[in-house]
Amino acid sequence: MRFSPPKTESLIIYNKTNLAEHPPIHVHGSALNEVSYHKHLGIILSKDLSWHKHISSIEFKTTSLLNRMTRFKYILDRRSLERIYICNIRPLMEYRDAIWAGGDQPDLDRLEMVQKDAARVVTGATARCSTVLLMKDVTWALLQSTRRSHRLTLFYKIVNGLSPPYLSELLPTRVADRMRYALRTSQDFIMPVCRTNAFNSSFLPNIVMEYNGLDQDIRNEISRSRLKNKCRVHRERANSLYYYGPRFLNVQIARLRIGCSNLHSHLCCNLHVEESASCKCGYADEDCEHYFFCCEAYAAQRLQLFRVIDQAILSIQTILHSDANISLEDNIKILDAIHQYIIDMGRFRLQNS
């Protein structure tokens with residue numbers, strides 16, 4: 001292989017604070033430019049073998065794309081926004097994640113924050129909302145869960161000879177190769193001895209511990225596809241009615257579900273931006289129950305709602321999450337009536353938060 005000096009860089013990997021003086025590296029009489037990091041096949045390798053630079057690069061790219069997506073937060077419908085994220089942003093955070101999954105936890109947490117920001121754009125939720133309810137609403141798997149699934153699948157390929165030989169040569173010995181006795185852990189791999197934090201957080205030590213913790217029936221799977229199905233993070237199917245309706249009304253229902261709407265109870269108790277949770281009608285707590293069924297200020301609009309929908313079948317659960325015991329057509333009829341009720345009351349407004 002012939003190298004072109006102007007296109008070649010020198011990267012010295014070390015973990016010492018002060019690197020001893022060393023002569024420059026020459027190729028064909030030209031000194032190579034020494035760098036502290038280098039991108040190779042989409043992965044940024046740093047001189048100290050940390051993944052901070054690579055994860056920061058991912059965060060910058062995904063945040064930039066998310067900022068563009070935010071411009072359409074109240075223009076596109078929820079399903080379109082979700083597809084933009086799933087197809088264009090999330091793959092950047094999953095590219096070769098089995099390799100850099102051992103990065104520092106604060107760096108990995110920042111990627112999770114990018115996904116939570118994307119969930120706010122998709123649902124229309126506001127800042128300070130409950131992230132637990134937010135992620136439950138979009139039913140997206142955590143990035144750390146998908147990284148674990150990808151690492152286990154890669155290690156399975158290495159163990160079963162489905163990867164290049166240079167990876168199989170890195171495998172540590174099994175317990176059975178060291179012990180003469182039949183132990184329950186005889187098929188486990190012996191944990192590598194780690195002298196540095198960089199090695200301890202790298203792929204092999206982490207995945208050996210994960211693999212040893214798997215059930216034996218999963219390890220015995222002869223089909224990689226079957227193993228992937230067992231290790232895959234199964235995403236719960238989102239409620240189809242969460243995507244129903246015009247964007248403005250869809251956002252208001254989502255905010256009511258997540259607890260970040262303009263109701264004083266949400267503003268006071270959940271978002272902590274108001275001091276009182278009382279309703280303008282004088283009731284002490286303006287929550288969803290009060291808003292839909294009790295507030296005297298909207299008696300006329302509520303009477304019109306009950307003319308369309310039987311009050312006996314209405315509940316907060318049905319309004320916000322639908323009712324599995326009735327047909328899709330009936331659930332849509334209820335949602336249409338609730339949408340009209342929200343329009344007639346004029347209680348909510350969109351806010352850019």
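Loop-located chymotrypsin sites (Phe, Trp or Tyr not before Pro) in the range 122-185 (DSSP state not H, G, I, E or B) with no more than 14 neighbouring Cβ atoms inside 10 Å: 181.
Net charge within 13 Å of residue 343 by Cβ-Cβ distance, Lys/Arg positive one each and Asp/Glu negative one each, not counting residue 343 itself? Net charge in that neighbourhood comes out at 0. In this entry, the chain is assigned a mean projected area of 26.6 nm², taken as a quarter of its C-alpha convex hull surface. For the chain, find the longest principal axis of its Cα atoms and tell me its angle to the long axis of helix 328-345, 0 to 90°, nearest 10. So the inclination is approximately 70 degrees. So if a site counts as exposed when it's one of the trypsin sites (Lys or Arg not before Pro), its DSSP state isn't H, G, I, E or B, and it has at most 12 other Cβ atoms within 10 Å, what's the longest stretch of the chain without one? The reported range is 72-177. Based on the Stokes-Einstein relation at 10 °C and a viscosity of 1.306 mPa s, and on the Kirkwood radius from alpha carbon pairs, the range 131-195 is assigned a translational diffusion coefficient of 107 µm²/s. Kirkwood hydrodynamic radius of the range 240-345, from the reciprocal of the average inverse Cα-Cα distance over all distinct pairs: 14.3 Å.
Computed from Cα positions, the angle between helix 52-70 and the longest principal axis of the chain comes to roughly 30 degrees. Applying 0.36 nm per residue to the separation of residue 327 and residue 27 and subtracting their alpha-carbon distance, the gain on full extension is 100.7 nm. When the chain is treated as a Gaussian network with alpha carbon springs shorter than 10 Å, the biggest mean-square fluctuation among 253, 316, 99 belongs to 316. If you restrict to DSSP beta bridges whose two residues both lie in the chain, what percentage is antiparallel, to the nearest 5? The antiparallel fraction comes to roughly 70 percent. Between the helical axis of 105-123 and the longest alpha-carbon principal axis of the chain there is an angle of about 30 degrees.
None of the figures in this text is laboratory data; all of them are computed from the coordinates on show. Since the structure is predicted, the reported quantities are computational estimates derived from the model, not experimental observations. Counting neighbours? That spans all protein chains shown, and the Cβs are built from the backbone with ideal geometry, glycine included.
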